[in-house]
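Let me begin by presenting the structure, written as structure tokens, before commenting on it.
The values are calculated or read from the model by the stated rules, or taken from the named source; none is laboratory data. It should be emphasised that the depicted structure is a prediction, and the values quoted were computed from it without experimental measurement. Please note: Cβ atoms are built from the backbone with ideal geometry, for glycine as well, and neighbour counts cover all protein chains shown. Keep in mind that these areas ignore ligands, DNA and RNA; they rest on the heavy atoms of the full protein, side chains included. Shrake-Rupley method; radii C 1.70, N 1.55, O 1.52, S 1.80 Å.
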Amino acid sequence: MIKKYRKRKIIRQLMIFPQAEGWDDVVKFPEVVSLNVGGMYYTTRLSTLRRFEDSMLAVMFSGRHRIPKDTEGRYFIDRDGKYFGDVLNFLRNGDLPPREHVRAVYREAQYYSLGPLQDTLEEVQPLAGEKVRQAFLDLMPYYKENLERIIEIAKLRAMQRKARFAKLKICVYKEEMPITPYEYPFFNTVRFERSESESKLFEHHCEVDVSFGPWDAVADVYDLLHCIDTDLATRGITVEHQCIGVCDKHLINHYYCKRPIYEFKITWW
């Protein structure tokens, strides 16, 4: 399935290059190829570009497509060439990029449909850690939607108040509070789990802008807060937060909510 997807992607990308019309029209490339990738110059062997036959580079230089040249006769690829050297190093001898280049080189591997490079990079940091983090976030109901809601509310609030920043109240809780001693007489039980009907007595919505939770994983509230910080930062959004207390809503008998409430401060400029 993945290979079929990559093949379709390659076909779409290569539509910009004219195809050779027949065997007599097959493009002959030199053994040593000079490249202009977005204004950056590289030189490599033709066999290096063809190393993985199902990649976009191998198809481009297979002879079935005409690749444009710059004024100096270099084959031109209209792509930012900053990380193309890292791609070539992997094609030459399997070298991996430095950690600070991994994410960018991964995007290049996706563009050029270099499956082996993608697969290898997914097993090293920081992408390996991202897979673990995403496995945790997949347990979180409406995580992406809640992030978008935070941004939407913060932007609207700042615009309405003509302010540099906006403050939101965010509830982040891993689990509902366990059975307390005060609940034993009410439920007439010594069980440490509530039944579905008993749990409904405790359902409520805290008076906050956005609420995250609950989730079933070892990762705690601080881990989720770190995820929120990270994902907002990738959007260029500066955020500070602090715990300002707990929800004190009275639910039943001696039971109060006690979910932690955080104040998020999002600065726009």
With modelled with pLDDT of 95 or more, touching a Phe, Trp or Tyr at 6+ places or on another chain (Cβ under 8 Å) and buried (at least 18 other Cβ atoms within 10 Å of the Cβ) as the only criterion, which of 46, 35 stands out?
35
Residue check: is residue 91 surrounded by 15 or more Cβ atoms within 10 Å (Cβ to Cβ), of a type in the set (A, V, I, L, M, F, W, C), out of contact with any Pro (no Cβ under 8 Å at 6 or more places or on another chain) and on the phi < 0 side of the Ramachandran plot?
yes
How many of the residues in region 139-171 are open to solvent by 30 Å² or more (accessible area, probe 1.4 Å) and assigned to a helix (DSSP H, G or I)?
11
Filtered residues of region 223-241 (kept if hydroxyl-bearing (Ser, Thr, Tyr) and either open to solvent by less than 60 Å² (accessible area, probe 1.4 Å) or modelled with pLDDT of 95 or more (or both))
230
Taking region 116-136 only, how many residues are over 28 Å from residue 78 (Cα atoms) and either touching a helix residue (DSSP H, G or I) at 6+ places or on another chain (Cβ under 8 Å) or assigned to a helix (DSSP H, G or I) (or both)?
11
Determine which single condition residue 113 fails, assuming it passes every other condition in (1) surrounded by fewer than 20 Cβ atoms within 10 Å (Cβ to Cβ); (2) polar (S, T, N, Q); (3) assigned to a loop (DSSP other than H, G, I, E, B).
(1)
Within region 51-73, take every residue that is charged (D, E, K, R) and over 26 Å from residue 94 (Cβ atoms) and give me the one that is farthest from the chain's Cα centre (by Cα).
72
Pairs where the first residue, in region 202-224, is more than 17 Å from residue 241 (Cα to Cα) and the second is at pLDDT below 90 and part of a strand (DSSP E or B), C-beta under 6 Å, 6+ apart
202/251
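Would a scan of region 95-102 turn up a residue that is open to solvent by less than 40 Å² (accessible area, probe 1.4 Å), within 30 Å of residue 219 (Cβ to Cβ) and out of contact with any Ser or Thr (no Cβ under 7 Å at 6 or more places or on another chain)?
So in region 95-102, the residues open to solvent by less than 40 Å² (accessible area, probe 1.4 Å) come out as 97, 102.
With the extra rule that they be within 30 Å of residue 219 (Cβ to Cβ), the set shrinks to 97, 102.
Keeping just the survivors that are out of contact with any Ser or Thr (no Cβ under 7 Å at 6 or more places or on another chain) gives 97, 102.
So far as region 95-102 goes, yes, one or more of its residues are open to solvent by less than 40 Å² (accessible area, probe 1.4 Å), within 30 Å of residue 219 (Cβ to Cβ) and out of contact with any Ser or Thr (no Cβ under 7 Å at 6 or more places or on another chain).
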Just to be sure I understand the filter: pairs with C-beta atoms under 6 Å, separated by 6 or more residues or on different chains, first member in region 114-136 and over 29 Å from residue 53 (Cα atoms), second member open to solvent by less than 40 Å² (accessible area, probe 1.4 Å). Which pairs pass?
136/217; 136/219
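Would you check if residue 265 is open to solvent by 20 Å² or more (accessible area, probe 1.4 Å) and at pLDDT 95 or above?
In short, yes.
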Answer yes if at least one residue in region 55-63 is modelled with pLDDT of 95 or more and open to solvent by 50 Å² or more (accessible area, probe 1.4 Å), and no otherwise.
no
Can you pull out every residue in region 94-110 that is assigned to a helix (DSSP H, G or I) and more than 16 Å from residue 130 (Cβ to Cβ)?
108
Extreme residue, least open to solvent (accessible area, probe 1.4 Å), among residues of region 75-88 that are part of a loop (DSSP other than H, G, I, E, B) and of a type in the set (D, E, K, R):
79
